[in-house]
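S.K.: Here it is: the structure, laid out below.
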Number of protein chains: 2
Amino acid sequence: GAGADNDLYINQAIVFIEDAIQYRSINHRVDSKSLWLYRWYYSRTCQWILSLTITVILALAFVEEPSSLTVTSDVRYRLPAWNPPCGLTESVELLCFLVFMVDVSVKSYLIGWKEFWKNKWLMAYILTLFVSLADWIVSLSFFCKESVRIRRILRPFFLLQNSSMMKKTLKSINSTLPEMASVLLLLAVHLALFTMFAMLLFARTKDNQQDKEWVVYFRNLPDSLTSLLVLLTTANNPDVMIPAYSKNRAYSIFFILFTVLGNLFLMNLLTAIIYNQFRGYLLKSVQSSLFRRRLGIRAAFEVLSSLKETPASAQQSCVSVGALLQVLQKAEMDSRCKQAIMRSLKMCSCDQLSAAQFQKLFEELDKDAIKQHPPSPEYQSHFMQKMQFAFGHPCFGYLGNVVALANIISICVVLVMDADKQPSERDDFFLGAINCFFILYYLLEMLLKILAMGLKRYLSYPSNRFDGLLTIILLILEVATFAVYGFPHPGWRPEFMGLLSLWDMVRLVNMLIVFRFLRIIPNMKFMALVVTTLLDLVKNLRAFAGILVVVFYAFAITGIMLFKGAVVPLGNTRGSKAEFPGSCAHISLKKKKKVLSWYSAHFQAEVVYCLLYVLSVHLICRWAKIYFVAWWLISSVIWVNLFVALLLENFIHKWDRRCQRESLSGIEYQRTVELMFRDVLEEPTEEELMEKLHQHPHLQLCR
Amino acid sequence: GAGADNDLYINQAIVFIEDAIQYRSINHRVDSKSLWLYRWYYSRTCQWILSLTITVILALAFVEEPSSLTVTSDVRYRLPAWNPPCGLTESVELLCFLVFMVDVSVKSYLIGWKEFWKNKWLMAYILTLFVSLADWIVSLSFFCKESVRIRRILRPFFLLQNSSMMKKTLKSINSTLPEMASVLLLLAVHLALFTMFAMLLFARTKDNQQDKEWVVYFRNLPDSLTSLLVLLTTANNPDVMIPAYSKNRAYSIFFILFTVLGNLFLMNLLTAIIYNQFRGYLLKSVQSSLFRRRLGIRAAFEVLSSLKETPASAQQSCVSVGALLQVLQKAEMDSRCKQAIMRSLKMCSCDQLSAAQFQKLFEELDKDAIKQHPPSPEYQSHFMQKMQFAFGHPCFGYLGNVVALANIISICVVLVMDADKQPSERDDFFLGAINCFFILYYLLEMLLKILAMGLKRYLSYPSNRFDGLLTIILLILEVATFAVYGFPHPGWRPEFMGLLSLWDMVRLVNMLIVFRFLRIIPNMKFMALVVTTLLDLVKNLRAFAGILVVVFYAFAITGIMLFKGAVVPLGNTRGSKAEFPGSCAHISLKKKKKVLSWYSAHFQAEVVYCLLYVLSVHLICRWAKIYFVAWWLISSVIWVNLFVALLLENFIHKWDRRCQRESLSGIEYQRTVELMFRDVLEEPTEEELMEKLHQHPHLQLCR
């Protein structure tokens, strides 16, 4: 009937508007049941459960068998990690798989059968789930004793497929690959030619004293290749050149040429290429988000205009205000925006809205939220007003900064004086007394500021929140210290009592004071610019960070599988050897220690540092070499360059805009990425929107 | 009289046009004698003498007292360098100073007294000369025994002041300094805060086993600062973290935070800032060059239009064709341009030229020289025509590439097989025979190509010139080898005879063959793009390279003066110590060797590598530390970032233009920097030109 139809249209409009708000695609089923399922699937609870599941399945690696959640990473000292019984982690995994299966089936159903076949991500999702389940069954049937677990390497895929941002970024990276491959090929040619040159230059001679270079670095092809590859990372930088250089200065020309060409030109060329590709990346992604938003709103308009209550005016479709109000009340959106739209809807006297008016109403969504700080309290007494003026003045803040600086300097002086003292000689009286005074000042400053500004206004500034929180923590620590160790007095010695020793307490207080000093940042103009750029960057980098986590996870799991048992604790005896599994060469204990910190540290970023060292050891087995080179290329070369490209992009945008912003200063905006680009963005035309709408696989528009 | 006036005007016009061609400023004296002096000063001979003088005075450092032009850099083996007798280098220096004095007086006279006082560079030049001369007198009065020679550090100034490009670049760098200083300040704050954190975190404990971190890296404030500064260069990357990390994994958070903030964010921020500042740098400098050219031509027009023979038409000034022809014949310019201008002047039927026509004539100067290869010879015989078709075809070139690749692979195989053989076991028969065959093929290829293309056309391609030259050298080497050692036969052993041993000859041949393989570059599209970008970059980088030379020179001389005698040959005994002059700590021999290679290598770029190592040694004296940090900041941080900025700029311009160029392919241009930007450049307006002309300090225009 017409009523059911009307209900359906209203529901469709609600979902489309929610899609527009969340920048989601509108290409999903639009019948009543599917709409209910769709709203349920994108409800906060469901999405939260999905995220939790992904976190849990990724975190499983920390407790699974070769886990390393021990305090020390040194295999000689650490206790054996807790091994969960067989079936515990596996049952958690099964639960996660079940959630993913529900997820994939709902997603597939919602986009419809036709679209499903076009969507490679969904098919890969199903395949991954299938392989994981098969591997899980194999695992259980071996009672968790099998050595290779493919499903662990596949886990990061679940993180990847859940984020549209990450998928987009990956696509973008993918399109840069051909050019990156060209530069990498160039690098390979460069490396190969120079390796041949090196082998011809530093050949074995009859005089054993003279061919140090040959013995250590250019003994055979793999050695030479490794030496030069490591030189490309500048890790073995002076060492590799010294023997040849001390034989004849002219040999340095070879190394300088290699480094200048490889490191200065080719590596930076990679930066240039990636930057060139990513120059428009942010703008493009913001532009496509804008298109999705406009499309969602337009779709809502179209379905609302086909409501039966609307008078059929053949020329121009329009929407009644009543229907829109109905939709707005049911749609989930930011309450500030909802109120603003309602208000302008009431102000507009007309009863029918055209498409343009409809779009205009929803432009409220794109607007900056102007951040208003609550007003200061108004005091009656003349004295209080004077107090308020004095302590609300910026100068009081500057005074606080000066005091904080004085505190830092005093700590620094004490540190320098105490640097070489034995722990038993140390006297914490001086520092204790000084810190006590400073913390009291901080407390006073906080209270006076609250008095002047009122609690609400005080808390509305992030710098005050940071300040206040640290002051309170410092106060608690100080009170606890005094409660346990009494007031400072000469000869206030660090003795161990309770949870932390006095010495540790004092150190903790000092560290917090150093940390609190960061409050000066907003007062320095350039620093503030840099910090806001960095914060923006962090926002824009989430997708990249996600991909990085995926890569790290896959590499860590692969590394654990490849080098399992390669590092065995052997005590302190020098010269003892451990063997890599398979066809690996011996590595001495000293070098092993470096490997060890890498091996046992899955996830930790220091892998990349150890790599450079390990590579230079070049006694390591061939597989490890390939693994490490791949790791270096992906994490260090490509990712760092991506990062530099994004930083350049963000910073240059910000810098160009700085002058404009200074003119309209005073108003504080809550800036989002979209807003940063607003004046460059192009509004999609009506034709584009309608064409896209007519291509919708499930929505049949009347006209 | 009028005749003398006319002569003066003609001469002025000649000089102005030459100024325009060379992009020189026209703000110099314009009376007859000055013009003669000006043309003499800018004549090729004079400029050549000046350049030679600068080269000589800079090169003096290689033969002066602590010179190091010895083969080996190892103080234990090298012979004492040749010490010129007192007065020899000093008299060469005096000669150079005399040339500079002539230079500065001519320059000062030519720009005139008023302008002289505004020109800080000229005053600095005079001051430098004065100080140098004073130092020279002191030096001679001490019979060359004085220890400090200030004039050596001042020498690079002569290089700097002679190049307007370098002065411009320096000004540009100077304007970036405030922002760079902000980032460096930020880096310093970052370093200071983290140092305090580190000292609080890694404090001395009672257990001596547990505080390895403290003992080695964070013993006191200077040590901690150094450790973290070196961590910023990633030179001590895994090492500094390992002791703390093996105690507790959580300590790695500190190091990761430090590295990510310092290395990834702040260092790249520096890149972003420098790139942002230099984004328009190339364009701006090309734009100002264009302005100078247009101004010179306009000035020539104005002086020619005031010739008496011109009919006095009050409204519009114009120039007679005859006068212009007279000027053109006397002006020094590229003969191709001169002919083209003459030709278009003859084609234009009018007798008088307006300002616009005059400018248009000289646009020939801005045009690309279209490079035309001479035609191939036309053969009568049918057989020869077929030959010509076959060997002139690109496929024959590809075949040559394939053969070269095969040669490279065969050398590589032999190298791998011979890698571990003793020199006495080696048999050069196989490689000798193979190379002989390949070199014959190369010779044949060259001859056939010359046959097909004719010698002139063959030589007009740079790749052919490269190819042919190497082939001829290879042939000569091969013939010489056979002449001395006979033809290859099994057991062809390397014996030393004549200048080079057989083994060295074979190695040299192989290296040349590897080098010859670079001929494939133009055949690979992306490689060709990269290589042309790099070549363009080298052109644009000349000014930067010059400044780098200046900085290197100053640092090297300062280093020599500071650390003179710090490295003393002590034989092979281990553990022997050498002392730095002044208040320096001991450095052990092993570490000294690193310093040594730096110390004795003035000018060589590897200083920067050694620096990193030496810094990590941190037992070195305080002065050396400051010296090295300054060196690192300037040469590594700032210069590398400048380089990256320029590379990005160049590459992105090139990349954007690639698509355009591909459309009008076939024509090969001799591209200059100016041409790269031609479609972006703005022509200066008539008003701007005339305003500038009226500001000329010496030229009085009639109207």
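The values are calculated or read from the model by the stated rules, or taken from the named source; none is laboratory data. Keep in mind that this is a model prediction, so the values were computed, not measured. Glycine gets a Cβ as well: all are built from the backbone with ideal geometry, and neighbour counts include every protein chain shown. Accessible surface is based on the protein model in full, side chains and every heavy atom, while ligands, DNA and RNA are left aside. Shrake-Rupley method; radii C 1.70, N 1.55, O 1.52, S 1.80 Å.
S.K.: Taking θ = phi - 60°, what integer Hz values does the Karplus form 6.51 cos²θ - 1.76 cosθ + 1.60 yield along region B:276-293, in sequence order, with x for Gly and Pro?
M.R.: 4, 6, 8, 4, x, 4, 4, 4, 4, 5, 5, 4, 6, 4, 4, 4, 4, 5
S.K.: At B:Ser164 and A:Ser51, where each label point lies 7 Å from the Cα along Cα→Cβ, what is the point-to-point distance in nanometres?
M.R.: Modelled inter-label distance: 6.2 nm.
S.K.: Taking 1 over the mean of 1/r across every pair of different Cα atoms in region B:250-311, what Kirkwood radius in Å do you get?
M.R.: 16.4
S.K.: In region B:172-285, carbon and sulfur make up what percent of the accessible area (probe 1.4 Å)?
M.R.: 63
S.K.: Would you kindly state how much longer the chain becomes between B:Asp7 and B:Leu177 on full extension, computed as 0.36 nm times their sequence separation minus their alpha carbon distance, in nm to one decimal?
M.R.: 56.3 nm
S.K.: Roll a 1.4 Å probe over the protein heavy atoms and report the accessible area of B:Glu179 in Å², nearest 10.
M.R.: 40
S.K.: For A:Val551, place a label point 7 Å from Cα along the Cα-to-Cβ direction in every copy; what are the distances to the other copies, in nm, shortest first?
M.R.: Ordered by increasing distance: 3.0 nm.
S.K.: Can you give the average number of partner chain beta-carbon atoms within 10 Å of each beta-carbon in peptide A:183-191, as a whole number?
M.R.: The mean count of partner-chain Cβ atoms within 10 Å per residue comes to 2.
S.K.: Got the B:Arg39 label distances to the other copies yet, label 7 Å along Cα→Cβ, in nm, shortest first?
M.R.: 9.2
S.K.: Rounded to the nearest 0.05, what FRET efficiency do B:Arg336 and B:Ile472 give with R0 = 35 Å and r taken as the Cβ-Cβ distance? Could you check?
M.R.: E between B:Arg336 and B:Ile472, to the nearest 0.05, is 0.70.
S.K.: Go through A:Lys539/B:Lys247; B:Lys167/B:Lys539; A:Lys107/A:Lys168; A:Lys167/A:Lys692; B:Lys346/B:Lys456; A:Lys456/A:Lys654 and tell me which ones have a Cα-Cα distance over 24 Å in this structure.
M.R.: A:Lys539/B:Lys247; B:Lys346/B:Lys456; A:Lys456/A:Lys654
S.K.: What is the percent of Cα-Cα separations in region B:43-162 that go past 24 Å?
M.R.: 36
S.K.: Give me, ordered by chain and number, the residues 5 or more places off B:Asn83 or on other chains with an amide H under 5 Å from its own placed amide H.
M.R.: It is none; the list stays empty.
S.K.: For the pair A:Gln22/A:Ala480, report the inter-label distance in nm, with labels modelled 7 Å from Cα in the Cβ direction.
M.R.: Calculated label separation equals 4.1 nm.
S.K.: Rounded to the nearest 10 Å², what accessible area does A:Met342 show when all protein chains are kept and the probe is 1.4 Å?
M.R.: Surface open to solvent at A:Met342 totals about 30 Å².
S.K.: Here is a follow-up. How large is the accessible surface per residue of region A:82-152, computed with a 1.4 Å probe and reported in Å² as a whole number?
M.R.: Ligands and nucleic acids excluded, the result is 58 Å² per residue.
S.K.: Note the distances from B:Ile634 to each other copy's matching label point, with points 7 Å along the Cα-to-beta-carbon direction, in nm, sorted shortest first.
M.R.: For B:Ile634, the inter-copy label distances come out at 4.3 nm.
S.K.: OK, next. Provide a whole-number value for the mean count of partner chain Cβ atoms within 10 Å of the Cβ atoms in peptide A:262-274.
M.R.: 4
S.K.: Stokes-Einstein diffusion coefficient for region B:172-285 at 25 °C in a medium of 0.890 mPa s, Rh from the Kirkwood formula over Cα pairs: what value in µm²/s?
M.R.: 157
S.K.: Computed FRET efficiency, Cβ-Cβ of B:Ala545 and A:Cys348, R0 60 Å: what is it to the nearest 0.05?
M.R.: Computed FRET efficiency for B:Ala545 and A:Cys348: 0.35.
S.K.: Moving to a separate point now. Which whole number of Å³ per residue matches the convex hull of the alpha-carbon atoms in region B:382-523?
M.R.: 115
S.K.: Extending each Cα 7 Å along its Cβ direction at A:Lys525 and B:Gln329, get the distance between those two points in nm, one decimal.
M.R.: So the label points at A:Lys525 and B:Gln329 sit 6.3 nm apart.
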